[in-house]
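The values are calculated or read from the model by the stated rules, or taken from the named source; none is laboratory data. Computed from a predicted model, the values in this text were never measured in an experiment. Heads up, the Cβs are rebuilt from the backbone with ideal geometry, glycines too, and the neighbour counts pull from every protein chain shown. Calculation scope for accessible area: heavy atoms of the full protein, side chains included, ligands and nucleic acids excluded. Shrake-Rupley method; radii C 1.70, N 1.55, O 1.52, S 1.80 Å.
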Amino acid sequence: MLKIRIAIMALLFIMVSVPKIYADSKGLEIFDELKSLIISVSDSITPAVVHIEVIKKQDTQRFESIGSGLIIDSTGYILTNEHVVDKYVEVMVTLESKREYRAEVIGADKLTDLALIKIEVPADVKLKVAHLGNSDSLQVGEWVIAVGNPYGFDRTVSFGIVSGKGRVLTGQSTTPLLNDFIQTDAAIAPGSSGGPLVNLRGEVIGINSRGLGQTQGFTIPINVAIEIRDKLLKSGNIERGWLGMVTQPLNRSYAKYLGKPDMEGVLVSDVFEESPARKYGIKPGDVLLKYGDEILSAEKDDDLNKLTLMVAQTPVGTEKTLSIYRDGEIRNIKIIIGEQPKIKADEYETKFGFTAKEITDDMYRTFMLETRDGVLVSFVDVGTVADKADLTDGDVITTVNSKPTPDFKTFKKVLSGASEQNYILLSVLRGKEHYLCLLDASSVPADSSDVSAKDK
């Protein structure tokens, strides 16, 4: 460790004193030591990095996608990003030796953008396993190496520093990704997703997730990745705590409006129906002061991630005390933490030319739907039975042949039972208006089958 610090200090000195140092052979020797160190770390990690090619299916279209992965176990377990394997049909992994293997997706977690896959290799193939570090000890300014397959160029190495910690990024849903992302200027380009971020001790301290521009890369802390890996291996299910409310920063202007210019906290702007927050009396306009013994403070959006992470990490069923400010007084409310509703919706690709999607709480808010009951039509193929019946993207199917379909599971069962009939009548909600769509099932070949795309 001391040797690394000396080498880094020497390099910085070289940057400001090039003429003098280059006349000093000892300075060049120190520079060469740092260069050798970087090369050594690069050589040690690249054999554990794999190239991932994925065939994906979106509605009727198939397309190829590339990414990276990191071997974390000699039996073939590999960490990568959820968005790398999302909607997969087939996943292929290429090792440094150029050997190719089909991979099984063990599990994926959309909120952390992590996935665990596995390959089966012959007994004579010895996998190089990465050494995992501790991302909690990472410091801003620390030098790091990112490895991946940008644009398909295998095992490309880039060098930079840790530019920041605790960065918050949002996905396409209303729910922020549950990560205190590491920010780095080491290049993370398309195809690098899923590769490792490594410190100069050769320890993996993050799984690269995405890049924004040429100098802004964001990496998932390895401690988060280890936690998700263990949960996926244990049960395949990621259970998280949930309160069911929307929060926003309590800025100085709003604090003054409340007559408490120095008050710190988190402002509640909305409370979801049938949520723990609603059940136990949390209201829009409340200011959250404490979560258990933790003091809350948020003056900008990034600060909200602390509360989100604390709640998510609280075991379901735990009783917590929330200290709130309401109507000029502080109140303590005991609340039982609920389970976070699923974010990623199941899909059902029917033989009638349309895809139905489960309506999750997140989808209900994101698409501003009129009802949670039913299934959402996410795609209608041109020229199919569904298209001729005037079924439209965005329709919510509420009944099939007059039988209510309040949820995804019921819809699949009812539609399957009606699929042998010549005509199937769908009742749909389009915006706020109700419509009837009649499927002429007689034109669908009897040997056609539905294709379920659960969690892909």
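At-a-glance table
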quantity	calculated
Residue-averaged [θ]222 nm for the chain, counting only DSSP H segments that reach four residues, each worth -39500 (n - 2.57)	-6000 deg cm²/dmol
Table column - 3J(HN,Hα) (Hz), the stretch 395-408, Karplus curve with 6.51, -1.76, 1.60, x for Gly and Pro	5, 10, 7, 10, 9, 10, 6, 6, 8, x, 10, x, 9, 4
Vicinal HN-Hα couplings computed from phi for the stretch 232-240 (Karplus, 6.51 cos²θ - 1.76 cosθ + 1.60; Hz; Gly/Pro x)	5, 6, 6, 9, x, 10, 10, 8, 9
Assigned charges on the beta-carbon of Lys, Arg, Asp, Glu; the chain dipole about Cα centre (debye)	700
Set LYS126/LYS231; LYS98/LYS409; LYS231/LYS412; LYS110/LYS409; LYS35/LYS110; LYS165/LYS234 screened for pairs whose C-alpha atoms are more than 32 Å apart	LYS98/LYS409; LYS35/LYS110
Nonlocal amide H pairs with THR398, under 5 Å, H built at 1.01 Å	SER427, VAL428, LEU429
Accessible heavy-atom area order of THR399, THR80, highest first, probe of 1.4 Å	THR399, THR80
Extension gain from SER40 to GLN214, taking 0.36 nm per residue of separation minus the Cα-Cα distance	60.1 nm
Solvent exposure of the chain as accessible area per residue, Å², 1.4 Å probe	50
Among [x] 21.7, 65; [y] 23.9, 76; [z] 26.3, 89, the entry that matches Rg and Dmax of the Cα atoms in Å as calculated here	[z]
The stretch 297-349-the stretch 353-390 distance, computed between alpha-carbon centres (Å)	29
Percent carbon-and-sulfur accessible area, the chain, ignoring ligands, DNA and RNA, probe 1.4 Å	51
Accessible area in the full protein assembly, largest first, 1.4 Å probe, for LYS128, LYS409, LYS98, LYS118	LYS409, LYS98, LYS128, LYS118
Rounded accessible area of ARG102 (nearest 10 Å², 1.4 Å probe)	150
ASP73 accessible area, 1.4 Å probe, all protein chains in place, Å² to nearest 10	50
Alpha-carbon centroids, the stretch 415-448 and the stretch 26-91: separation in whole Å	45
VAL84, VAL414, ranked by accessible area, largest first (probe 1.4 Å)	VAL414, VAL84
Residue-by-residue Karplus 3J(HN,Hα) for the stretch 428-435, coefficients 6.51, -1.76, 1.60, Hz, glycine and proline x	10, 9, 10, x, 9, 9, 9, 9
